[in-house]
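Trainee: Dropping a structure here in structure tokens format, bear with me for questions.
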């Protein structure tokens, strides 16, 4: 007699064979190497960061030193400009003094002629002398006194080209007087020439 079993066969537990010890060893060895690589990469990045930071600090120090040097040079340049300006001012003053000294004789002659020929009740308020031309301003109590002064100046051997520019009648506190302005020139034969200096130039 033949029997047929229609029931499903029972599943048998399949046991997984344990991994070979070598494979497990390799997996355990791979994990520390990966961590070491990461640590080395972090260390390299840190070293690069500190290197760059030190480099930037050095560049900053050099930049500050260059700026300080530029500032010092600018101050020196400004000081030199001030010295040059001061030197030019002194040179102009020296030239003016030399010119006045060379014309000192002319000034003495002019002041002597202006004062010695002036009549009473005529007085001068301003005189100036440049390039042999004399400018005279003053006051006189009358036209006759002013005319006498002009005549005296024309008779002077040292002066020439006496010219009355203006004559204005003024009234102050019930007193009248003339306010006048005139010009004159020093006669060419009495002009003191500029004296040459020891180097052959002119003062």
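Trainee: In nm, to one decimal, how far is the modelled label at residue 154 from the one at residue 61, with both set 7 Å along Cα→Cβ?
Mentor: About 9.1 nm, to one decimal.
Trainee: Hey, rough spin-label estimate for residue 47 and residue 33, points 7 angstrom out along Cα→Cβ, what's it come to in nanometres?
Mentor: Here the answer is 2.2 nm between the modelled labels.
Trainee: Could you work out Rg/(2.2 N^0.38 Å) for region 104-190, with Rg from alpha carbons only?
Mentor: 1.08
Bear in mind these aren't lab numbers, they're just calculated from the coordinates by the rules spelled out. Quick caveat: nothing in here was measured; it's all calculated off a predicted structure. Cβ coordinates were reconstructed from backbone atoms using ideal geometry, including for glycine residues, and neighbour counts include every protein chain displayed.
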